[in-house]
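Have a look at the structure below, then the notes.
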Amino acid sequence: MASQREKSISFEELVGSFEQKRFAPLYLFHGEEGFLIEEALDALLDNAIDPTSRSLNLDVLYGSELDVQDVVARASSFPMIGERRVVIVREAEKLTSSEAKRAVLLRYLEQPSPATCLVFTAAKVDFRLAVYKSFQTKGVVAEFRPLFEDRVPAWVAQRLRRTRKEITPEAVDLLQSHVGNSLRDLNNEIEKLIIYVGDRNLVEVDDVRAVVGMSKTYNIFELQKAIGSGDLSRSLEIVDRMLDAGEVATVMIAGLVRYFRKLWVLPSLRKKAKTEYELASALDVRPYFLKEYASAAARLSPTQIESALAALLEADESLKSTGADPRLIMTVAIHRLVGPSPDP
């Protein structure tokens, strides 16, 4: 598997080659991140085929619904108008499910038509098969894996920069906490935000609240603030209101994990930072939130922060595996994060 990853091209490199009008006869797009696969296909079509001839030079097929001979025939055909044809085979793993089908296809893959871009898309592929090895030797392989949670904020920011807009770190946190890590869902909300902010160049927390319909009083930031200050009753109230409003418990957990991770690294970052602004930048928060984070980090010991992260991990596992009541799991988790209420 390591050799495959070495030969896999990145999304940015792939789109860049399309924009430079450099095309291969064979493409294999595989992986679980379907949104990026669709983005790559769109970029290919935008650059490889003139829109006026797309209906004549594009075939979109499904591996579960066609004969392998049909794929070879279409890929072998010359363009009707223009320089190039594109043949897209979705669910390609179903087309290559038998040895007989693979043998027919392999004959084409060994000598593909230079006038055609044959694109296979699949969730999972077996690179031990000669069919898929042909894509490595004769074409281009791109793997589309889901982004790690900590890379999603950069993706959101980059997405907005395409429209010459910036977004504050807090707005990204709030968007990710509410929407989750699905790039498709995030992109939908980003498109709404672009329309909402209009000519303004900066997307802020209030914009995210307005677009996704979150309360200014009961949201992940207010929950973090309540937990950080040790206010158990306020924390439980916010959790209840968020769940009542349809917030997903696992998304709330993810937001709190990011919060406690920042508390964990804050002391070491403080030793390196020369100014408060430098510290805020390293922590990836706005300067005016720094006092709140610093207060929470001072109140909690490293052991308490470790215990909080362990409690959040256990809550996340329970939510995903046991099917228990999310409200009960969140209540127990908040008690572990904050501790008992102080005596009056």
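For region 94-101, indicate whether the set of residues that are closer than 30 Å to Arg184 by Cα, crowded, with 21+ Cβ neighbours inside 10 Å and either of a type outside the set (A, V, I, L, M) or at pLDDT below 90 (or both) is non-empty. Yes, that holds for at least one residue.
May I ask you to say which residue of Ile227, Ile194, Ile190 is more than 22 Å from Ala310 (Cα to Cα), in contact with a Ser or Thr (Cβ under 6 Å, 6 or more places away or on another chain) and either aliphatic (A, V, I, L, M) or not assigned by TED's automatic domain parsing to the domain that holds Ala294 (or both)? Within the list Ile227, Ile194, Ile190, the selection yields Ile194. Output yes when any residue across region 277-289 is acidic (Asp, Glu) and buried (at least 20 other Cβ atoms within 10 Å of the Cβ), and no when none is. No, that holds for no residue. Among the numbered conditions (1) farther than 27 Å from Ser55 by Cα; (2) surrounded by fewer than 20 Cβ atoms within 10 Å (Cβ to Cβ), the only one that Val125 does not meet is (2). Scan region 109-147 for residues that are aromatic (Phe, Trp, Tyr) and either in contact with an Asp or Glu (Cβ under 6 Å, 6 or more places away or on another chain) or not assigned by TED's automatic domain parsing to the domain that holds Glu91 (or both) and the total you get is 1.
The set of residues in region 164-182 being over 14 Å from Val251 (Cα atoms) and touching a helix residue (DSSP H, G or I) at 6+ places or on another chain (Cβ under 6 Å) consists of Ile167, Glu170, Ala171. Here the helices (runs of 4 or more DSSP H) wholly within region 258-344 that include at least 1 residues being modelled with pLDDT of 90 or more and among the aromatic types (Phe, Trp, Tyr) are 290-299.
In region 39-50, which residues are in contact with a helix residue (DSSP H, G or I) (Cβ under 9 Å, 6 or more places away or on another chain) and in a helix (DSSP H, G or I)?
First, pick out the residues of region 39-50 that are in contact with a helix residue (DSSP H, G or I) (Cβ under 9 Å, 6 or more places away or on another chain): 39-40, 43-50.
Within region 39-50, Glu39, Ala40, Ala43, Leu44, Leu45, Asp46, Asn47, Ala48 qualify.
Before we move on, is Ala297 surrounded by 15 or more Cβ atoms within 10 Å (Cβ to Cβ), touching a Leu at 6+ places or on another chain (Cβ under 6 Å) and assigned by TED's automatic domain parsing to the domain that holds Val179? Steps first, answer last, please.
Details: surrounded by 15 or more Cβ atoms within 10 Å (Cβ to Cβ): yes; touching a Leu at 6+ places or on another chain (Cβ under 6 Å): yes; assigned by TED's automatic domain parsing to the domain that holds Val179: yes.
The answer is yes for Ala297.
The values are calculated or read from the model by the stated rules, or taken from the named source; none is laboratory data. Everything numeric in this text was worked out from a predicted model, so none of it was measured. Note that we place each Cβ from the backbone using ideal geometry, even for glycine, and neighbour counts take in every protein chain shown.
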